[in-house]
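The block underneath contains the structure these notes are about, expressed in structure tokens.
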Amino acid sequence: MLKLRDKIQQSEIWKSIFRHNYQDTNRNRALQIVDNVFLHLHPVRIPRHATNIGFTWGMGGITFLLFLVLTITGVILMFYYRPAAEYAYDDMKYLMNDVAFGPLIRNMHRWAAHAMVITVMLHMFRVFLTGSYKPPRQFNWGVGVILLVLTLLLSFTGYLLPWDQLAIWAVTVGTNMARATPLLGHEGPFGPQLGMRIDNDVRFVLLGGTQVGPPTLLRFYVGHCIFLPLIAAVFMAVHFWRIRKDGGISGPTGKGRE
Amino acid sequence: MQNIWLLVSKPDNIPIVGLLFLVILYTWWGFHRGLKNDRQDLSEEARLSEKIQVWPHLVRVEFLATLFVMVILVFWSFLIDAPLEEAANPTLTPNPSKAPWYFLGLQEMLVYFDPWIAGVVLPTLIIVGLIAIPYIDVNEKGNGYYTYRERKWALWIYCLGFIVLWVSLIVLGTFWRGPGWYFFFPWENWDTHRVVALTNVDLSELFGIPTKNPDTSLNPVAFIFGAVVVLGYFSLGLIYWLRKKNSEILKKLGPVRYSVTAMLFLCMMSLPIKMVLRIALNVKYVWVTPWFNI
């Protein structure tokens, strides 16, 4: 087999395509990582347990993958969707019935969103079980909690966009809680005493009205497609950067066992 | 029996079935590995700590994981359509109106607490409490490997919060709550006309102290009773401190860390306590004041 490989690699055809050979050395393996803009997020060398699915569960990486899937499918969906109450639902019907691969793209977006909520929770569970929030990673755990909240908010704002019964009532139930915010909601403790009314409290700001209506749709759309993803991207950058700065993936070094 | 299949096979509920399965699997796996590490002198992770090249070892794993996830996602998306119901109609409220599944734990809390606690204060405390974990956990053991013996308390409290008070409430809200947010068994048909008598009483009324006077003004005795119960509950943290302040763990925590930990823990435990009070004794409020009710 090896002889055959050598023979092929020394043939004129092979050389004309690849021009020079690739030596499998540690130096070249390192260059694969540092010379590649996408791969250079990684360190060049890692402890073996970092590749062990039984240790990492792979949930953090899968969360990032799902975020990328959601970005790509989300951009495609934006070509077919107008965030105005007159059009939104009709655009959804059009997408589900007449657009080529429309249902596939929308289904992938929705199921990846649900899956991402699950993988974020499981990633957090793993990080807790291995005590990986302990020094020096305390701050990055906090960044992760913010990312969990952003994931939930992204999912929640996206829930409204189909503009069907499921969407507006789920969002109505969710945002009704804001009425009761202490001090800032018109039904919350000490809210009325501070002059909160249904048309000026924190829920009004969230919805752009006294109930879930067309301004809410636009607000949630901009939040879902632009504002929240940008914030999440910033926090993700910090999260990944801090993993490297805090010494890479956690492992039994320094304190504890060893 | 039809109903259970309708619930489980609802497209938006499939992730919850998946979540339940994965949480059980990973809880078993995490504890299994922790106990295994505890029995050995050298943890699995320490055994696998020699350095290897990311290319190809890690990149290969990432590539295979990506393929695996994408295959599942594409099949899932081909087989099951995302739901699209009738057009939004603000004048037609569906019964039950449910929040997205990941917020059903919060919606379930609304049964036991007023919205300002269930919808605002407790969610805020969940976020703050999670961020605070690394700063209040002073146990420096168990950093970077699975273990049970070295972190028993931390693991039990986290599992109580995550599995019992988060995941199981989501499951409860999805499969056991029907019209009117009444309790239905998953296999029971949803009767939209079910009438349930309102027999809830306030805690003081269990002790023969009416919350309201006959002229519907607030009974000051009930007010003081409620205040004593609620403030007494939260002073449990102080009492424990006074009794155990010379123990090793409390000395290590110090007063600030201890008070934050005790506050967060008591707030977390208030949910199961209130659930038991409501479900077993029909208690509506523990403390009624003119401004808020707890």
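No value in this document is a laboratory result; all are computed from the given coordinates. Computed from a prediction, not measured in an experiment: that's the story for all the values here. A quick note on method: Cβ atoms are made from the backbone with ideal geometry, for glycine too, and the neighbour counts reach across all protein chains shown.
Okay, here's what the table says:
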| item | result |
| --- | --- |
| Within-12-Å neighbourhood charge of residue B:169 [Cβ basis; K, R +1; D, E -1] | 0 |
| Reduced Cα scattering model of segment A:55-245, Debye log10 I(q)/I(0), q = 0.10, 0.12, 0.13, 0.16 Å⁻¹ | -0.50, -0.70, -0.80, -1.05 |
| Computed [θ] at 222 nm, helices only, for chain A once each DSSP H run of length n ≥ 4 contributes -39500 (n - 2.57) | -19000 deg cm²/dmol |
| Paramagnetic label zone (point 7 Å from Cα along Cα-to-C-beta, residue B:209; backbone N under 15 Å) in segment B:266-294 | B:285-290, B:294 |
| Sparse-neighbourhood loop sites, GluC sites (Glu not before Pro) in segment B:1-104 - DSSP loop, at most 11 other Cβ within 10 angstrom | B:50, B:86 |
| For chain B, the longest site-free run once trypsin sites (Lys or Arg not before Pro) in DSSP loop states with at most 13 other Cβ atoms within 10 Å are removed | B:1-193 |
| Local electrostatic count at residue A:74 - Lys and Arg +1, Asp and Glu -1, tallied over other residues with Cβ under 14 Å | +2 |
| In nm, spacing of pseudo-spin labels at residue A:2 and residue B:3 (7 Å Cα→C-beta vector) | 6.9 nm |
| DSSP-assigned coil residues among chymotrypsin sites (Phe, Trp or Tyr not before Pro) in segment A:190-258, each with at most 14 further Cβ atoms within 10 Å | A:190 |
| Likely footprinting exposure, A:173, B:17, B:221, fewest C-beta neighbours within 10 Å first | B:221, B:17, A:173 |
| Calculated [θ] (222 nm, deg cm²/dmol) that DSSP helices of n ≥ 4 give over chain B, each run adding -39,500 (n - 2.57) | -17500 deg cm²/dmol |
| Within segment A:200-256, trypsin sites (Lys or Arg not before Pro) in DSSP loop having at most 14 other beta-carbon neighbours inside 10 Å | A:255 |
| Principal semi-axes in Å for segment B:79-137 [√(5λ), Cα gyration tensor, largest first] | 32, 17, 9 |
| Extension gain, residue A:244 back to residue A:12 (0.36 nm per residue minus Cα-Cα distance, nm) | 79.1 nm |
| Relative contact order of segment A:55-245, defined on C-alpha pairs under 8 angstrom at six or more residues apart (%) | 21 percent |
| Extension reserve of the residue B:68-residue B:188 stretch, reckoned as 0.36 nm per residue once the Cα distance is removed | 39.5 nm |
| Magnitude of the charge dipole, segment A:1-138, Cβ model with Lys/Arg +1 and Asp/Glu -1, debye to 20 | 820 debye |
| Gain upon complete extension [residue B:20, residue B:38; 0.36 nm per residue less C-alpha separation] | 3.8 nm |
| R0 of 35 Å, Cβ-Cβ distance residue A:40-residue B:78: FRET efficiency to nearest 0.05 | 0.50 |
| For the protein assembly as shown, alpha-carbon Rg relative to the globular expectation (2.2 N^0.38 Å, N residues) | 1.11 |
| Stokes-Einstein D for chain B, Kirkwood Rh over Cα pairs, 37 °C, 0.692 mPa s (µm²/s) | 140 µm²/s |
| Rounded, prolate or oblate (a/c below 1.5 giving rounded, otherwise prolate when a/b exceeds b/c) for segment A:5-154 by Cα gyration tensor | oblate |
| Cα-based reach from residue B:98 at 26 Å (exclusive), listing lysines while leaving out same-chain residues under 8 positions away | A:93, B:10, B:274, B:284 |
| Unit charges on C-beta of K, R, D, E only; dipole of the protein assembly as shown, Debye | 2280 debye |
| Cα-projected label distance for residue B:60 with residue B:10, points at 7 Å along beta-carbon direction, nm | 4.5 nm |
| Set of aspartates and glutamates near residue B:51 by C-alpha distance (under 18 Å), chain-local residues within fewer than 8 positions excluded | A:24, A:246, A:258, B:62 |
| Evaluated at q = 0.13, 0.23 Å⁻¹: base-10 log I(q)/I(0), Debye formula over Cα of segment B:1-84 | -0.74, -1.15 |
| Dipole of the protein assembly as shown, positive direction: furthest Cα of B:289, B:101, B:31, with charges on the beta-carbon | B:31 |
| Charge sum, other residues only, whose C-beta stays under 15 Å from residue B:54's C-beta, Lys/Arg counted +1 and Asp/Glu -1 | +3 |
| Rg ratio (alpha-carbon, reference 2.2 N^0.38 Å) - segment B:162-251 | 1.71 |
